[in-house]
1. Tell me the strands (runs of 3 or more DSSP E) entirely within segment B:202-292 that contain at least 2 residues that are farther than 22 Å from residue B:134 by Cβ and out of contact with any Pro (no Cβ under 9 Å at 6 or more places or on another chain).
2. Could you list, in sequence order, all residues of segment A:58-75 that are within 13 Å of chain B (Cβ to nearest Cβ) and either within 17 Å of residue B:153 (Cα to Cα) or touching a Leu at 6+ places or on another chain (Cβ under 6 Å) (or both)?
3. Restricting to segment B:133-152, and then to whatever is touching a Lys or Arg at 6+ places or on another chain (Cβ under 7 Å) and within 23 Å of residue A:98 (Cβ to Cβ), can you tell me which residue is surrounded by the fewest Cβ atoms within 10 Å (Cβ to Cβ)?
4. Which number in (1) part of a loop (DSSP other than H, G, I, E, B); (2) within 8 Å of chain A (Cβ to nearest Cβ); (3) in contact (Cβ under 8 Å) with a residue 12 or more places away in the chain; (4) out of contact with any strand residue (DSSP E or B) (no Cβ under 7 Å at 6 or more places or on another chain) marks the one condition that residue B:134 misses?
5. How many residues does segment B:5-36 hold that are free of Cβ contacts under 8 Å to residues at least 24 places away in the same chain and among the charged types (D, E, K, R)?
6. Exactly one condition in (1) within 8 Å of chain B (Cβ to nearest Cβ); (2) at pLDDT 90 or above is false for residue A:104; which is it?
7. Tell me which strands (runs of 3 or more DSSP E) are completely within segment A:1-106 and hold 1 or more residues being exposed (fewer than 12 other Cβ atoms within 10 Å of the Cβ), or say none if there are none.
8. Listed residues B:176, B:223; which is out of contact with any Ser or Thr (no Cβ under 6 Å at 6 or more places or on another chain), under 21 Å from residue B:147 (Cβ atoms), surrounded by fewer than 21 Cβ atoms within 10 Å (Cβ to Cβ) and more than 14 Å from every other protein chain (Cβ to nearest Cβ)?
Amino acid sequence: MILICGGLADLVTEFVCARIENLGYEYRLLNLGLYPARYRVSCTWDEGELYGSIACDDWELDLADVSGIFVRYVDQKCHVGFPLLPTAMQLPALGECQAGIMAVLECFLVSP
Amino acid sequence: MTYLIIANVGDLCAERVRMAPCQRSAEVLVTCDPVAERGVFSWELDTEHSSSSLTLPDQQRSICAEALRGVFVRSQGGPEATQEWTSEDYMYVQAERRAALVGWLHNLPCPVVNRLTADLWFRPYRPYAEWQSLLRKSGLPTLRCRITNDFENAVEFARRCGPIAYTPLTSNTRYLVQTDDDWRELEKVLKIFPVCLKETVSDPRASAWLVGDTVIWNTDIGLPCSYRLVFERGVRNLASLLNISTFEIAVGIGPAGLCCDGIDLYPRLENYERDGQSSVVGEIVSLIGAAA
């Protein structure tokens, strides 16, 4: 299963999704334009074992089943924003959210 | 004979390292940012050659890179006066300056202590989870941890692990989750961004600072020799994996016994006792080639 992490307001991510769909490959989109809303991400390191999943209302993806990942982080223009936060906190919050995704992906990359 | 120390004002480690070459009448330049706006920085490079010169704000003369005998890096530069910039401009200027600085540091012909790889340079503070795989590869015992943005997931983790703490993903600040108020706070945070949850450690705690090949402990917690060797070997292995010469690990008692509780690429000398401070400073002075 291919995992795409990006925002559909971003042309490159949109093209990649369209192309993968056109080729008929299975993929899941973690829409960073919306994230963390609608998505539940969990990744655990437990006595040497690494496991995790990404889920939304329509699907759940075990990270062990991911065969390839395309990531293109979004800027504020491509994100819906955080309704609970003041303007000054929007950018740091987006940074925290994407750092979380980065950390999860990095861990899978460096793990044996 | 000139040495360069890149450090913020008030950095005890930098100050103590500065004193050694000064006492032998060597010139020591100290700056928090060699590429700051009030100085002059010039660097010319092609595929084979690199030549650069530096004039710090309070210096009259220019120093070329070849004249530097050693460099010790304790800070990353970037504009200090944040209030003069909009947040967007500040981040841009900081990124540009840091990129120039790390590139330059990697082209210096002299010993550079604490020259981080670009990857570590731009993200020195990482969640424990990101260090986990490297810690284990190095042979260091680790704590269980989880990254999540889901409250139920956090509760399940705590149920399994016992007391936990959480850290934001872009800083080292740690928040214990013990009381109902703590859990309510965590629930609010998770509605906005994910965090890294981790088992907690208890006393006795210690820190071990690697400089070159030497490991210096901040305090004696009565570690049996065999444990001490495991940690010291692990720290050296980790240095090799990270391709760095100095950093610190924290050690504490987790649910499964002694384990590594974190990594700090910019340790604080204040956390070490007098003998430990002298050892750390002596080793750094030796590494930059300024030992007597």
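1. On the way: elements: B:202-211, B:214-217, B:246-254, B:257-264.
Counting at least 2 such residues, we get B:202-211.
2. Within segment A:58-75, A:60, A:63 meet the criteria.
3. Pass one, segment B:133-152, residues touching a Lys or Arg at 6+ places or on another chain (Cβ under 7 Å): B:139, B:142-143, B:145, B:149-150.
The next check asks that each one be within 23 Å of residue A:98 (Cβ to Cβ); those that pass are B:145, B:149-150.
Working: B:145: 26, B:149: 24, B:150: 19.
Residue satisfying both the conditions and the ranking: B:150.
4. Residue B:134 satisfies every listed condition except (1).
5. 2
6. Status for residue A:104: all satisfied but (2).
7. Details: elements: A:2-6, A:27-31, A:40-46, A:49-55, A:60-62, A:68-71.
The qualifying strands (runs of 3 or more DSSP E) are A:49-55, A:60-62, A:68-71.
8. Working: B:223 fails: under 21 Å from residue B:147 (Cβ atoms).
None of the others qualify; the one that does is B:176.
The values are calculated or read from the model by the stated rules, or taken from the named source; none is laboratory data. Since the model is a prediction, treat every value here as computed from it, not as a measurement. Backbone-built Cβ (ideal geometry, glycine too); neighbour counts: all protein chains shown.
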